[in-house]
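Worksheet: the structure to be examined is printed underneath.
The values are calculated or read from the model by the stated rules, or taken from the named source; none is laboratory data. Computed from a predicted model, the values in this text were never measured in an experiment. Please note: Cβ atoms are built from the backbone with ideal geometry, for glycine as well, and neighbour counts cover all protein chains shown.
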Amino acid sequence: MTRPSNPQLISLIQDIVAEEIQTKGIEGVTIRLIAKRAGITPTTVYYYFKSKEELLDKIKFNVARELDDYIFTQLNPNDSAEKKFADLINAFIDWSIDHPKLLDLVFDTLPPKTNLTETEMTGLYQTNFKIIELLKKAAIAQGKTTQNIKADSNIFIGLVYGVVKLFLNKRVLPEYWEDITPLKQRMIEMIFNTLLS
């Protein structure tokens, strides 16, 4: 007899893993530990996730989806590509500052998955694809061309992540410790001046 799906238990397992990774690192997290904290058997964990790797991948995709959902709810479909791009940057930074551990989990802690299906690729890199789309539209609207828009979008993600980490760790100048707004605004200007020149 097949066991019915239990979304609450699946969510609990994923939450426990995310918490444990933050304190113990990936190597310190075991299926036995997860099961104990969830009040279930290791066999139950394996029922929902074939391996620790599958569980980690699932968490990464869920966090990436949460970030994407937040970003895309901040974009007004009637705005210009430039405005949407600025709103995307602001939303990305705001979510990252509000969720620093989840940001680290996806961008730093969890190992990359190299054999992604097309659906997984789209799911994990949705924000990246949206950046490419908006940069193309912004360039067309301004009558400009870009050299390598895919590389540019990756540089943008790295730039945003780096600035957020500097802000969170108070490695920016003290005048920016409490308010990242001037850095966000300047980043948007720099991206447009550089990428759409």
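I'd like the residue in the range 121-152 that is of a type outside the set (A, V, I, L, M), assigned to a helix (DSSP H, G or I) and more than 14 Å from the chain's Cα centre (by Cα) and, out of all such residues, is farthest from residue 83 (Cα to Cα). The extreme case among them is 150. When the range 49-79 is filtered for residues that are at pLDDT below 90 and of a type in the set (Val, Ile, Thr), the ones remaining, listed by number, are 59, 63.
Against the list (1) touching a helix residue (DSSP H, G or I) at 6+ places or on another chain (Cβ under 7 Å); (2) surrounded by fewer than 14 Cβ atoms within 10 Å (Cβ to Cβ), the condition residue 153 fails is (2).
Which one of 134, 116, 110 is of a type in the set (A, V, I, L, M) and at pLDDT below 80? Sole residue among the options that is of a type in the set (A, V, I, L, M) and at pLDDT below 80: 110. Those helices (runs of 4 or more DSSP H) of the range 1-108 in which at least 2 residues are of a type in the set (Asp, Glu), considering only elements entirely within it, cover 7-24, 52-73, 81-98.
Going by the structure shown, is residue 61 in contact with a Leu (Cβ under 9 Å, 6 or more places away or on another chain), within 21 Å of residue 163 (Cα to Cα) and among the hydrophobic types (A, V, I, L, M, F, W, C)? Against the criterion (in contact with a Leu (Cβ under 9 Å, 6 or more places away or on another chain), within 21 Å of residue 163 (Cα to Cα) and among the hydrophobic types (A, V, I, L, M, F, W, C)), residue 61 does not qualify.
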